[in-house]
Amino acid sequence: MPNKLKRETTDELFRAILSLKDLDECYEFFEDLCTMKELADMAQRIETAQMLLAGKTYEQIVKSVEISTATISRINRCIQYGTGGYEKILARIAEQGAASGEEQ
């Protein structure tokens, strides 16, 4: 199945992200790249995906994250029928947290 995002400019963006060495570099790069709203929206989507995967209801998520049910539905569709990106990355984050002794 062809990837709708696949373009040279997108490849360059992803290479730039993959080159980041630590959280400080991430903050510096994404502060330059994105607006505060865009960053907040992306962080909100990650939090929502975590909650959906933990079995939380839309109502619980709306109250906790203050996100629209339309956005929750889109994230849920990605989890159910997407490429598996949310699950893969969230599992990796959980593994890294467990390895460092942090609670998730």
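Laid out as a table, the results:
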| quantity | calculated |
| --- | --- |
| Residue in the stretch 38-59 that is over 16 Å from the mean Cα position of the chain (by Cα), part of a helix (DSSP H, G or I) and over 23 Å from A94 (Cα atoms) present | yes |
| Residue satisfying all of: in the stretch 60-85; surrounded by 11 or more Cβ atoms within 10 Å (Cβ to Cβ) and among the aliphatic types (A, V, I, L, M); nearest to the chain's Cα centre (by Cα) among these | I75 |
| Condition met for I46 (among the β-branched types (V, I, T), within 23 Å of A70 (Cα to Cα) and surrounded by 11 or more Cβ atoms within 10 Å (Cβ to Cβ)) | yes |
| Enumeration of residues in the stretch 70-104 that are at pLDDT 90 or above, assigned to a helix (DSSP H, G or I) and over 26 Å from E59 (Cβ atoms) | K88, R92, E95 |
| Test: L39 is out of contact with any Asp or Glu (no Cβ under 9 Å at 6 or more places or on another chain) and either within 23 Å of G82 (Cβ to Cβ) or open to solvent by 100 Å² or more (accessible area, probe 1.4 Å) (or both) | no |
| Contacts under 8 angstrom Cβ, first residue in the stretch 23-39 being under 13 Å from L13 (Cβ atoms), partner at pLDDT 95 or above and assigned to a helix (DSSP H, G or I), 6 or more apart | F29/A16; F29/I17; F30/L39; C34/M42 |
| Top-ranked residue of the stretch 1-32 - restricted to ones that are of a type in the set (A, V, I, L, M) and open to solvent by 90 Å² or more (accessible area, probe 1.4 Å), ranked as farthest from E66 (Cα to Cα) | M1 |
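The values are calculated or read from the model by the stated rules, or taken from the named source; none is laboratory data. All of these numbers come straight from a predicted model, not from anything done at the bench. No Cβ is skipped: glycine too gets one built from the backbone with ideal geometry, and neighbour counts run over all protein chains shown. For the accessible areas, the whole protein counts, side chains as well, though only heavy atoms, and no ligand, DNA or RNA atoms are used. Shrake-Rupley method; radii C 1.70, N 1.55, O 1.52, S 1.80 Å.
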